[in-house]
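This report refers to the structure that appears directly beneath it.
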Amino acid sequence: MIVERPRDLLIKKILAHGFMILFLILILFPFLMVFSISIREGNFSVGSIIPKNPTLEHWWLAFGLDYVRADGTIVEPPYPVLLWMWNSIKIGLISGFGVLAIATISAYAFSRIRIKGKSAMLDGLFLIQMFPTTLALVAIYAIFDALGEVTPIMGLNSHVSLVVIYLAGVTLHIWTIKGYFDSIDTALDKAAAIDGATPWQTFRHIFLPLAVPIMSVVFVLAFIGFINDYPIASVLIRSEDKMTLAVGSRLYLNEFKYLWGDFAAAAILSGLPITVVFLIAQKYLVSGLSDGAVKG
Amino acid sequence: MASIANTPLAARSSIPRLLMVTLVSVCLLAGSFYLYQISQPVFGAILLALSAGFAIIFGANRFYGARFIFPGIAAVLVFIAFPVIYTIYIGFTNYSSFNLLTYERTVEVLTSRSSIDKTTEQPFAVARDGESYRIWLPESGLLSAPVSLIGADSVALSPAAKPTDVLPRRDAIKLRAGLQALKLTTPDGGIIENAGLRTFATVVPDYTRTGPDELTKSDGAVLTADHSTGFFIDQNGEQVPPGWRVNIGLDNFTRIFQSEGIRQPMVSVFLWTFFFAISSVVLTFALGLTLAVILQWPHLRFKAVYRVLLILPYAVPGFISILVFRGLFNQNFGEINLILEALFGIRPNWFSDGNLARTMVLIVNTWLGYPYMMLLAMGFLQSVPEDHKKAAALEGAGALRVFFTITLPQIIPPFLPLLIASFAFNFNNLVLIFLLTRGLPDIPGTIIPAGETDILASFTYRLAFDNAGQQFGLAGAITLLIFLVVAAISYANFVAMRRAALRRSGKA
C-alpha cells in the first residue's frame, strides 16, 4: 500500500476498531438479550436487563422436562420443542440427501451427456427457479388435499408430502453442481469411455468422488434452507406433533399466550446447532453463495 | 462407441429393471385412476403423464441419457411449474370457502340434508331386551327390532303389543347419543328419527333432485343451478349455500381493479413491496460493502474475529432471529423500548403505527441480510487488482475517490445478478413479514385483510389461508400479477447472468 504517516494511520486504526466494536455491540445485542431472557424469571420482561434471580426454569421446559419451582408448583413444558427439532432435522436430512442425489445426477447429465433440447431445458430451469414455491401455495394446498384422498401419506399434515415438495427445489443446486462439473477436464471422461465405461459408470467412479466438496456445500445450503422454511410447512402441516421448528416456534409469541422466556430458551437450544454447522461450513459456503444461492 | 459398451450391460440387467419399471408404472396408473374417480381429473392426468414418461424413459434403451435428468425435471414440472399454472387457473375461478366443492359434491351435500316434520311427532319409550333395546312408539303401536344403541344404526318397526320392561325416562335420556344416530323404518317404508328428548318424527329430505340442474325443496320451491356463479338459486334469485367451483373468467381481476376496497389496499401493498425490496437491497448492499472494505484494510487486526462475529446474524436460522426481534420490539415488554425509555424517555409503538412498523421491518431485514452481501463483497473485492488502486493513489486520489472510481465500477457488474436475485428474494420475503408483523397494522377501511407492512406475497397468503374467507380465487388472481413482476425480474436476471458469463469468457 502507499506509505502513510504513522500518526494518521494510528487515528485511522482507532476509528476502524471503534466503529467495528460499536457496530458489533449493536448487532449482537439481540443475542445477549435472548440469553438473559432465557434465565430470567417469568415470561414477561419487567425490570432489569441483567436478571436478578437467574433461574433455569425455561431451560428445563425447553428440554421437555417438568420444572418444580421453589414454592412447589410444577410447571409443564408448553410445547414439544425437542420433537419439533427432531421433525425439522429428519425432514431436512432426508430432503437434503434427496436433493443432493437428484441435483448431482442431473447436473452430470446436463454437463456431459448429449440430450436433445438440453440448453433449452437449462434455461427453462433457470427461469422457473426464480418463481418461489411460496407463490404457488394455494395450488400446493389443493394438490396435496387431493392426493390425500388417494393415500393419507401423500396428503396434508404428512411429512412425506413436505419432503416431496422440498425435492422440487433442486433447480438452483443443479446449476451450482453443473458449474463445477463443467470445470472438470473432458479428458477424464474420454479416458473412461475408451476403457469401456458407460456414462453411469463414469459418473459413479469418476465424477462422484470429484464432486464431494461441492456436494457438501450444496447439502449444507439445502439443509439450512429446509430447516428455515416457514410458508410451505405452515400450509401443509397442521397438528402440533407434526410441526417443524419453524412452524412451531411461532406459537410461543401468540398475543393471547405470550411465552417470551420459554421462547428464548427454546430458540437458543434449537438455533445453536444450526448456527454452529453454518459457522463451520461458511468458508466453503462462500463459493456456493457467489453462484447465486440465497439463504432463506 | 458408447453404444457398443452399453449393449452387454443393458442386456444383462434389463429384465429386473423392466419388472421394476412395470411395477412403479402400475402403481402410478392405479393412483391416477383413483384420482380420476374422485373427480380430480387434472391431477389424475398429471399422474398418468408421469407414469407414461417414467415407463418410456426407463423402459426404452434409447432414452438412456434422459434417465439422469428425469427425476429432477419431473419434480420441477410437477411441483413448481404445474402449481404455478394451477394457481393462475384458480385465479379465474371462484374457489373459496363459499365455493369449495365440485358440482356433484354440492348436490350430494344438499340432497343429504333433511329436516324433521314436526306434524308427525310422536312420543316414544325405550324397552330393554336382554343386552339390547327396542324402541316402542305407543301412539302408532309399533315396536322396533332389537338394537344396541351404540353408533349409527337402522332398524325396522313392526306392529306389536306394549313391551314389558320399559325403561324410566331418566335411563332413556342416558341413551341419547345412540338414539340420535338411530333411523327407524316404518312398515310403509317411511323413515323416522329422534326429534327431541321425548319424541320421534318423520324425516323428510330438504331437497330432491328433479332434473339435471334442478332441485326441489320440501316445500315445493324449485332451485336451479346457476353455473355462472356456482350457486343454486331459488325463484327470487336468492343463492343457497354451499356453492361449487366454477370458472368466472376475469371477474377476480375486475374486482381487483374496480372495487375501491380492494384496489386501494392493493396499490398501497404493491408500492410498499417495491419500496421494501429495493430498500432492503440498497441497505444491505451498502452496509455489507462498507464492512467488507473495512475488513479488507491491510492494517486492521483481529480480522478473523470480526468476520465471524459479523456473520453471526446470517448463521442463526432466520425464523428464530425474526421471532426474537418480534419479542424485542414488543411495545410493552420489549427490551428495545425498555432501553429507549431509559435513554430518551420514548416508547414507540412499533407494531401499531404504520410507519414505525415499516421502519422496524427494514431494520430487521438489514440486520438479517447484510452478512450475505458482506461475504460476497469480500470475494469480489479481492478480484480488484491492487495496481489500479495504487496507480490512482499515486495520481493523488483520496481513499474515497479511489473507491468510487476504481473499486466500485469493477465490482458492480459481477454483483448485478446477485443484487437482482436478492431483490427477487425480498420481493417475496413472506417469512420475514409473516413472523415479524403478520402484515399488521391493518389498513383501515378495506374489505379484504390488508396491512401496512403486507407485501404482495404475505397479502395473498392471508387472503388464501387466514380468516374465514379463504378466497383462493382472488389470491390466485393476485398471484398472477406477482408472477408477471417476477417473470420480468427473472428475465432481467437471466440477461445479467448471460452478460456476466460473456464478460468472464471474454477475459479468459
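The values are calculated or read from the model by the stated rules, or taken from the named source; none is laboratory data. Because the structure is predicted, anything quoted here is derived from the model rather than measured. Cβ: placed from backbone, ideal geometry, glycine included. Neighbour counts: every protein chain shown. Just the protein is used for accessible areas: all its heavy atoms, side chains included, with ligands, DNA and RNA removed. Shrake-Rupley method; radii C 1.70, N 1.55, O 1.52, S 1.80 Å.
At a glance:
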read-out	value
Sequence-separation-based contact order of chain B, relative, with Cα cut under 8 Å and 6+ spacing, percent	15 percent
Among B:282-295, A:187-200, the order from most to least packed when residues are scored by Cβ within 10 Å on average	B:282-295, A:187-200
Long-range HN-HN contacts of B:TYR207 with modeled amide H, under 5 Å	B:ARG113
Pairwise label distance in nanometres, B:PHE63 with A:ARG204, each label 7 Å out on the Cα-Cβ vector	2.2 nm
Cα convex hull volume per residue for segment B:135-205 (Å³)	91 Å³
Amide H partners (placed H, <5 Å) of B:THR93, local residues excluded	B:ILE248
Spin-label pair A:THR151/B:ASP165, simplified geometry with 7 Å Cα→Cβ offset, distance in nm	5.0 nm
Three semi-axes of the equivalent ellipsoid, the protein assembly as shown, Cα gyration tensor, whole Å, largest first	57, 37, 27
Relative contact order, percent, segment B:298-431 [alpha-carbon distance under 8 Å, six or more residues apart]	18 percent
Residue-wise HN-Hα coupling along segment B:49-63, computed from phi with Karplus coefficients 6.51, -1.76, 1.60 (Hz; x: Gly, Pro)	4, 4, 5, 5, x, 4, 4, 5, 6, 8, x, 8, 5, 6, 9
Total formal charge among the other residues, if their Cβ is under 14 angstrom from that of B:VAL495, Lys/Arg +1 and Asp/Glu -1	+2
Total formal charge among the other residues, if their Cβ is under 12 angstrom from that of B:ALA221, Lys/Arg +1 and Asp/Glu -1	-4
Per-residue average of Cβ from other chains inside 10 Å of A:216-228	1
Given 15 as the ceiling on other Cβ atoms within 10 Å, longest exposed-site-free region of chain B for trypsin sites (Lys or Arg not before Pro) in DSSP loops	B:302-508
Net charge contributed by nearby residues that have their C-beta within less than 13 Å of B:GLY72 (K/R +1, D/E -1)	+3
Candidates A:GLY248, A:GLY92, A:GLY179, ranked by Gaussian network fluctuation over chain A, Cα under 10 Å, top entry	A:GLY179
Semi-axis lengths (Å, descending) of the ellipsoid that matches the C-alpha gyration tensor of segment B:42-126	50, 18, 9
Length-normalised contact order for segment B:192-235 - Cα pairs under 8 Å, 6+ apart - percent	21 percent
Principal axis box of segment B:318-467, alpha-carbon based, largest edge first, Å	63, 41, 28
Segment B:151-283 - Kirkwood radius from inverse mean 1/r over Cα pairs (Å)	21.1 Å
Convex hull projection area averaged over all views, segment B:58-186, Cα basis, nm²	16.4 nm²
Area accessible to solvent at B:ILE15, 1.4 Å probe radius, in Å²	120 Å²
For B:THR366, solvent-accessible area (1.4 Å; no DNA, RNA or ligand), Å²	20 Å²
Cα Rg, Dmax (largest Cα-Cα span) when computed across segment B:222-329, Å	27.1, 88
Fraction of alpha-carbon pairs over 18 Å apart in segment B:52-99 - percent	50 percent
Over 19 Å (Cα to Cα) - which of A:LYS118/A:LYS178; B:LYS303/B:LYS389; A:LYS90/A:LYS257; B:LYS303/B:LYS390; A:LYS116/A:LYS190 fall in this group	B:LYS303/B:LYS389; A:LYS90/A:LYS257; B:LYS303/B:LYS390; A:LYS116/A:LYS190
Rule-of-thumb Rg ratio for segment A:51-190 [Cα; 2.2 N^0.38 Å; N residues]	1.60
Folded to 0 to 90 degrees: helix A:6-38 orientation relative to chain A principal axis, Cα	70 degrees
Projected-area mean, chain A, by convex hull of Cα positions, square nanometres	24.5 nm²
Label zone at B:GLN264, where the point sits 7 Å out along the Cα-to-Cβ direction: segment B:425-465 residues whose backbone N lies under 12 Å	B:443-448
Nearest-10 value in Å² for the accessible area of A:SER111, using the 1.4 Å probe	20 Å²
Ratio of the Cα radius of gyration of segment A:178-273 to 2.2 N^0.38 Å, where N counts its residues	1.79
FRET efficiency for B:LEU340 and A:ILE21, using Cβ-Cβ distance with R0 set to 22 Å, rounded to 0.05	0.55
10 Å Cβ neighbours from other chains, averaged over peptide B:378-386	1
Kirkwood-Stokes translational diffusion coefficient of chain B, alpha-carbon pairs, 20 °C, 1.002 mPa s, µm²/s	71 µm²/s
Shape parameters for segment A:115-162, alpha-carbon atoms, Rg then Dmax in Å	14.8, 39
Residue mean of other protein chain beta carbons inside 10 Å, B:113-120	0
